[in-house]
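Please read the structure below before turning to the comments.
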Amino acid sequence: MFQSGILEQQKYQSGSFSTAHQVQSDLEITITYKPETCGQRAEQGDTVSIHYTGYLTEDEIFHSTHDGDSEPVKFIVGRHMTMSGLDSGTLGMCLGEERRLVIPPHLGYNKKDRPVNVPENTQLILNVELVGVEKRGYYQYYVDLCHTLYMPSFIMFVLCSLWEMYKDRVQARKNFAKRQKYFEKLSQLR
């Protein structure tokens, strides 16, 4: 079932894969085809399109995007839009590269996203081909920067508003207490 021309097999250990995205330590990645030149490489934040065939065992397929009129799967690398093992396994792939990923259960599907034909706590085997890479544009950097700056600014705005409300309440209580003392003195004078 699997391609016999294995070029290189590496079991990545935490920290040994030199990218900004740390590959899971027990994810097994086997490069089965690598183009002669790597025009585009999948990096964190890029939108990738992949075709894959997923196996439960060496012979039992649970899903394939090559069947019928299935479209390639698209996701943004590093955004946890798919299972962790697939997300980490596509990082660093060249356009046209093919890999075999052996994904342990804890890096596979979570309970809510698991297809019905995939049993719980199952090791998955995926043959993955990178068919498209959309590089992260300047617009996305701008959006991320705005999100990064927006949240602290919003939190600061809320905290300042709460502080102002607190100060107004304290001042209102002080004014009320002063008026109460004034009316008490007036009533004592009469």
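The values are calculated or read from the model by the stated rules, or taken from the named source; none is laboratory data. Just so we're clear, the structure is a prediction, and the values are computed from it rather than from any experiment. We place every Cβ from the backbone using ideal geometry, glycine too, and count neighbours over all the protein chains shown.
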Selection from segment 83-116 of residues that are in contact (Cβ under 8 Å) with a residue 60 or more places away in the chain and assigned to a loop (DSSP other than H, G, I, E, B): Leu91, Gly92, Leu95, Gly96, Glu97, Pro104
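Yes/no per residue for (1) exposed (fewer than 10 other Cβ atoms within 10 Å of the Cβ); (2) not assigned by TED's automatic domain parsing to the domain that holds Thr57:
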site	(1), (2)
Met83	no, no
Pro105	no, no
Tyr109	no, no
Lys112	yes, no
Val118	no, no
Asp144	no, yes
Hey, any hits in segment 150-161 for a residue that's outside the structural domain of Ile50 (by TED's automatic domain parsing), within 19 Å of the chain's Cα centre (by Cα) and loosely packed, with under 14 Cβ neighbours inside 10 Å? yes
Any strands (runs of 3 or more DSSP E) falling wholly within segment 39-82 and containing at least 1 residues that are more than 28 Å from Pro119 (Cβ to Cβ): 47-55, 73-76
Near pairs, Cβ below 7 angstrom, 6+ apart or cross-chain, from segment 24-47 (farther than 11 Å from Arg100 by Cβ) to any residue that is of a type in the set (Ser, Thr, Tyr) and surrounded by fewer than 16 Cβ atoms within 10 Å (Cβ to Cβ): Ser25/Ser14
In the list Ile6, Ile29, which residue meets the criterion of being modelled with pLDDT of 90 or more, surrounded by 12 or more Cβ atoms within 10 Å (Cβ to Cβ) and farther than 19 Å from Asn110 by Cα? Ile29
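Quick one: which residue in Val170, Val133 is in contact with a Ser or Thr (Cβ under 8 Å, 6 or more places away or on another chain) and either at pLDDT 85 or above or assigned to a strand (DSSP E or B) (or both)?
Result: Val133 is the single residue among Val170, Val133 that is in contact with a Ser or Thr (Cβ under 8 Å, 6 or more places away or on another chain) and either at pLDDT 85 or above or assigned to a strand (DSSP E or B) (or both).
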